[in-house]
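Contents: one structure, followed by commentary.
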Amino acid sequence: TEISELERNLQDLEGKIGGGDSPKYGADGELYGIRDDCVSLEAGKYEYGVCFFQGATQKEIGSHSSTDLGKWEGMEIHKETGLRVMKWTNGAKCWNGPKRSIEASVTCGRKTKILTADEPDTCRYVLAMESHIACDDRFKLQND
């Protein structure tokens with residue numbers, strides 16, 4: 001029947017973009033539009049790059065080789081701040097330290113980009129990012 005076909009189409013779309021019971025692309029599918037994107041930032045003598053649903057790297061500016069900072073782990077919404085927090089984990093092991101990882105806090109912005117990069121602890125990197133994916137109802141309420 002036509003209704004059954006429409007329900008199957010809806011399930012197929014939810015499987016592709018998230019929603020329903022699948023959080024792959026975010027609770028509302030907001031990550032689907034950036035699923036193949038990569039962004040980078042030069043900070044100091046390094047260039048930091050992250051690819052959504054893939055990996056993150058650090059390389060010295062001018063160098064062709066890079067260091068693995070981790071693989072995409074996912075995104076969650078911080079309960080207190082409402083910020084979207086993206087994580088890349090299990091990167092290359094530091095000499096005498098942990099495996100490298102990145103945590104990126106995302107605020108509302110027109111373009112998806114990295115604003116700052118920092119290493120507050122050995123081999124643990126923190127990024128501040130902007131993206132349209134964070135321009136949701138909660139952001140609007142906080143900024144009215």
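The values are calculated or read from the model by the stated rules, or taken from the named source; none is laboratory data. Remember, predicted model here, so these are calculated numbers, not experimental data. Cβ: placed from backbone, ideal geometry, glycine included. Neighbour counts: every protein chain shown. All accessible areas refer to the heavy atoms of the entire protein, side chains included, with ligands and DNA or RNA removed. Shrake-Rupley method; radii C 1.70, N 1.55, O 1.52, S 1.80 Å.
For region 95-108, filtered to residues that are at pLDDT 95 or above and open to solvent by 50 Å² or more (accessible area, probe 1.4 Å), the residue that is nearest to Asp68 (Cα to Cα) is Lys99.
Which numbered condition in (1) open to solvent by 50 Å² or more (accessible area, probe 1.4 Å); (2) of a type outside the set (Ser, Thr, Tyr); (3) assigned to a loop (DSSP other than H, G, I, E, B) is the only one that Glu73 fails? Of the numbered conditions (1) open to solvent by 50 Å² or more (accessible area, probe 1.4 Å); (2) of a type outside the set (Ser, Thr, Tyr); (3) assigned to a loop (DSSP other than H, G, I, E, B), the odd one out for Glu73 is (3).
This table checks each residue for (1) free of Cβ contacts under 8 Å to residues at least 12 places away in the same chain; (2) open to solvent by 80 Å² or more (accessible area, probe 1.4 Å); (3) of a type in the set (D, E, K, R).
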| site | (1), (2), (3) |
| --- | --- |
| Lys79 | yes, yes, yes |
| Gly91 | no, no, no |
| Arg110 | no, yes, yes |
| Cys123 | no, no, no |
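Among the residues making up region 83-120, those that are part of a loop (DSSP other than H, G, I, E, B), among the small types (Gly, Ala, Ser) and within 18 Å of Cys51 (Cβ to Cβ) are Gly91, Ala92. The combined condition, being assigned to a loop (DSSP other than H, G, I, E, B), at pLDDT below 85, in contact with a Lys or Arg (Cβ under 8 Å, 6 or more places away or on another chain) and of a type in the set (Gly, Ala, Ser), is not fulfilled by Gly29. Of everything in region 39-50 that is open to solvent by 50 Å² or more (accessible area, probe 1.4 Å) and among the small types (Gly, Ala, Ser), the residue that is modelled with the lowest pLDDT is Gly44. Residue check: Phe53 meets all listed conditions (1) open to solvent by 50 Å² or more (accessible area, probe 1.4 Å); (2) touching a residue at least 60 places away in the same chain (Cβ under 8 Å); (3) on the phi > 0 side of the Ramachandran plot but one, namely (2). For Ile114, the test of being under 16 Å from the mean Cα position of the chain (by Cα) and at pLDDT below 95 is failed.
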